[in-house]
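Reading through the structure tokens given below for one structure.
The values are calculated or read from the model by the stated rules, or taken from the named source; none is laboratory data. Bear in mind the structure is a predicted one, so any value in this text is a computation, not a measurement. Cβ atoms come from the backbone with ideal geometry, glycine included; neighbour counts cover every protein chain shown. Areas reflect the complete protein model, heavy atoms only, side chains present, ligands, DNA and RNA absent. Shrake-Rupley method; radii C 1.70, N 1.55, O 1.52, S 1.80 Å.
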Amino acid sequence: MNENKTNINWFPGHMAKTERQMQKSISLVDLVIEVVDARIPVSSKNPYLDKLWSRRPRIIALNKADLADPEETARFRKWYEAQGFGTIAIDSLHGKGMRDIQPLAQKLCADKLQREKERGREGRRLRLMITGIPNVGKSTLINRLTGRSEAAKTGNKPGVTKHEQWIRIGSDMELLDTPGILWPKFEDQETGYRIACIGSISEDVVDSYTVSLKLLDFIRPKYSKELAARYRFTDDELELTAEELLPVLAKHRGFVLGGGRPDLERAANTLLDDYRSGRIGRITLEQCPEILPEEAAGTSADKTEEEK
Ligand code: G4P
């Protein structure tokens with residue numbers, strides 16, 4: 001990442017406004033579904049909601065689970081569940097894991113509903129909203145849940161629209177029709193690079209060459225076999241630095257410019273495209289922090305979305 005750009009406040013103008021709008025929307029709902037990218041379940045989560053939402057129920061939806069390593073997804077779910085979140089692993093593009101949402105939402109709101117029932121208020125629908133940083137799949141999830149084909153696009157600017165509309169999902173839930181868009185967090189450079197790898201940061205901010213080198217370094221420790229299979233890297237080549245390996249990728253693919261120079265831009269874009277569309281394999285780019293055995297007990301994260 002360009003050194004001059006590392007400390008940029010990525011969405012400076014929107015922060016205060018977003019906070020106000022988000023607070024307002026959150027006050028209207030019983031439960032928030034925070035969508036994260038299953039390939040970077042921590043880096044793609046904005047800790048802002050943790051402050052705001054604190055003890056109220058929240059579901060972390062690890063979306064794009066079809067592109068992530070299923071073992072890692074299960075591990076991250078346990079880790080989040082140990083912190084008191086509900087979790088689901090979903091693939092909104094193909095509609096997998098959708099049926100887990102309703103029972104989990106009901107379970108997480110059971111106490112509240114029970115208290116209301118005791119006060120004579122029964123049978124109301126649960127109100128939900130969906131939040132997350134750009135490009136994690138919020139609109140795709142909303143469209144899946146509501147059966148709409150038209151994208152619920154909001155221009156990917158942090159914030160939510162002023163006029164809320166509710167869409168019924170099934171018989172007992174209502175969803176706010178536009179997602180709350182959070183700004184990505186950039187606590188350190190590595191987090192920023194991971195978010196760039198999944199395509200949530202404009203190439204104006206960080207160029208694809210730099211991101212592709214980082215991607216090679218994130219992938220290699222655990223998934224060098226997948227990388228070698230896709231680009232026919234030899235064991236020796238896999239030992240090269242990322243700067244040395246990208247020209248090899250260009251050479252293997254025949255991306256050569258005049259004078260025999262490797263076309264690094266094309267190699268970088270190919271690598272990023274291949275990763276983002278799952279062609280290299282199901283690869284998670286960050287490691288789950290350790291879970292203490294007693295924390296892990298009794299969580300529902302042992303099954304992948306396919307196993308359910
Ligand atoms: P957003 O509202 O959070 O910004 O995300 P959006 O739904 O627009 O989804 C961003 C991209 O991710 C879309 O691809 C969408 O199809 C894809 N996507 C969403 N959920 C999933 C999922 O569970 N699995 C997979 N594999 N892909 C998913 P796109 O239209 O091609 O946009 P782009 O990638 O060109 O930006």
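Annotations
- Of all accessible heavy-atom area on region 13-185, the percent that carbon and sulfur account for (1.4 Å): 47
- Summary of the geometry: region 28-80 and region 192-210, compared by the centres of their Cα atoms, lie 21 Å apart.
- Derived scalar couplings between HN and Hα for region 121-133 equal 9, 10, x, 7, 7, 6, 10, 10, 9, 10, 10, x, 6 Hz in order, rounded to whole Hz, by the Karplus curve 6.51 cos²θ - 1.76 cosθ + 1.60 (θ = phi - 60°), x for Gly and Pro.
- Using the 1.4 Å probe convention, the accessible area of region 199-277 works out to 52 Å² per residue with neighbouring protein chains retained.
- In region 83-123, the convex hull through the Cα atoms has an average projected area of 3.7 nm², a quarter of its surface area.
- Equivalent ellipsoid semi-axes - Cα gyration tensor, region 199-277, angstrom: 18, 17, 10
- Percent of C-alpha pairs per 10 Å bin, region 180-237, short to long: 21, 44, 26, 8, 1
- Amide hydrogen proximity for THR87: with H placed 1.01 Å from N in the peptide plane, the residues at 5 or more positions away or on another chain lying under 5 Å are ILE60.
- Packing, taken as the mean count of other beta carbons within 10 Å per residue, orders the peptides 23-33, 101-111 from highest to lowest as 23-33, 101-111.
- With N the number of residues in region 13-185, Rg(Cα) / (2.2 N^0.38 Å) evaluates to 0.98.
- Listed residue pairs exceeding 23 Å between alpha carbons, taken from LYS64/LYS214; LYS185/LYS214; LYS24/LYS45; LYS64/LYS112: LYS64/LYS112
- Using the Karplus relation 6.51 cos²θ - 1.76 cosθ + 1.60 with θ = phi - 60°, the per-residue 3J(HN,Hα) values for region 237-243 come to 4, 5, 7, 5, 6, 4, 4 Hz, with x marking Gly and Pro.
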